[in-house]
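Here is the structure we will look at.
The values are calculated or read from the model by the stated rules, or taken from the named source; none is laboratory data. In this text the structure is predicted, and so the values were computed from the model without any measurement. Please note: Cβ atoms are built from the backbone with ideal geometry, for glycine as well, and neighbour counts cover all protein chains shown. SASA here: full protein model, heavy atoms, side chains in, ligands and nucleic acids out. Shrake-Rupley method; radii C 1.70, N 1.55, O 1.52, S 1.80 Å.
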Amino acid sequence: MKIRAGAMTLYAVTDRSWLKPGEALEEAVEELLKAGVTCVQLREKEADDGFFLNEALKLKELCRQYQVPLIINDRPDIAQKAGADGVHVGLSDMGIEKARELLGEGFIIGGSAHNVREALAAQRAGADYIGCGAVFGSRTKKDATVLRKEELKTICRTVEIPVAAIGGIQEKNIRELAGTGIDGVAVISALFAAGDKTAAAKRLLELIKGLKGGEG
């Protein structure tokens with residue numbers, strides 16, 4: 001297994017739209033790394049290639065210091081050029097098999113799934129982990145369909161690779177994921193929109209500990 005299940009515990013997905021005035025993305029990410037996030041995904045939907053690569057190179061150095069995987073969203077080519085640890089591809093992005101063909105066996109490849117069928121397809125295609133959602137809707141993907149708790153439980157029982165829940169996860173609703181069998185959560189605004197990112201990350205980590213083995 002190229003990625004530990006523990007790396008899914010608190011998976012931070014970047015969104016620069018939540019940054020404070022004058023705050024650099026790498027500053028926000030380093031604060032979260034210090035607080036204990038276990039994986040970082042660089043997501044840059046609007047950036048040109050040069051900017052995206054430059055940001056990836058900065059975050060790679062940071063993540064290496066904290067021994068946390070850096071995953072690049074959608075762009076295997078950027079992941080390769082930056083020396084990132086892996087790439088996350090969605091259902092409508094470059095396929096998992098094509099990403100593996102480009103990057104080889106040494107890279108982590110994550111896939112997305114909204115149901116058991118898609119989760120199994122991602123696993124068969126060679127995904128190393130799956131992001132499953134949207135468990136509570138999504139503020140970044142307005143067309144995201146909601147993944148029911150029972151379906152999430154079934155995915156976790158069915159696949160053999162780590163599973164992170166994603167989509168609208170906040171401190172106020174994370175307890176609803178207890179008993180699903182997830183390895184952790186992928187979050188965006190719950191971390192990047194927080195006034196105190198350190199405190200937010202630490203509270204989420206404590207809540208996630210409570211989920212493991214809990215029912216509800």
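At-a-glance table
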| quantity | calculated |
| --- | --- |
| Enumeration of residues in segment 165-216 that are hydroxyl-bearing (Ser, Thr, Tyr) and open to solvent by less than 20 Å² (accessible area, probe 1.4 Å) | THR180, SER189 |
| Filtered residues of segment 1-27 (kept if within 14 Å of VAL68 (Cβ to Cβ) and either open to solvent by less than 40 Å² (accessible area, probe 1.4 Å) or among the β-branched types (Val, Ile, Thr) (or both)) | ILE3, GLY6, ALA7, MET8, THR9, LEU10, TYR11, ALA12, VAL13, THR14 |
| Helices (runs of 4 or more DSSP H) enclosed by segment 149-211 - at least 2 residues per element that are among the hydroxyl-bearing types (Ser, Thr, Tyr) and out of contact with any strand residue (DSSP E or B) (no Cβ under 6 Å at 6 or more places or on another chain) | 149-158 |
| Count of residues meeting criterion [in a helix (DSSP H, G or I), in contact with a Lys or Arg (Cβ under 9 Å, 6 or more places away or on another chain) and small (Gly, Ala, Ser)] in segment 1-32 | 1 |
| Filter result (under 22 Å from GLY6 (Cβ atoms), small (Gly, Ala, Ser) and surrounded by fewer than 16 Cβ atoms within 10 Å (Cβ to Cβ)) within segment 96-125 | GLY106 |
| Residues that are of a type in the set (Gly, Ala, Ser) and closer than 16 Å to ASP128 by Cα, drawn from segment 145-174 | ALA164, ALA165 |
| Residue selected from segment 39-67 under the condition over 26 Å from GLY95 (Cβ atoms) and either among the polar types (S, T, N, Q) or touching a residue at least 40 places away in the same chain (Cβ under 8 Å) (or both), by the criterion surrounded by the fewest Cβ atoms within 10 Å (Cβ to Cβ) | GLN67 |
| Test: residue in segment 47-61 that is among the basic types (Lys, Arg), in a helix (DSSP H, G or I) and either closer than 26 Å to SER189 by Cβ or within 18 Å of the chain's Cα centre (by Cα) (or both) | yes |
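The rows are residues; the columns are (1) in contact with a Ser or Thr (Cβ under 8 Å, 6 or more places away or on another chain); (2) assigned to a helix (DSSP H, G or I); (3) of a type in the set (S, T, N, Q); (4) without any contact (Cβ under 8 Å) to a residue 60 or more places away in the chain.
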site	(1), (2), (3), (4)
ILE78	no, yes, no, yes
LYS81	no, yes, no, yes
ALA84	no, no, no, yes
VAL87	no, no, no, yes
MET94	no, no, no, yes
ALA99	no, yes, no, yes
GLU118	yes, yes, no, yes
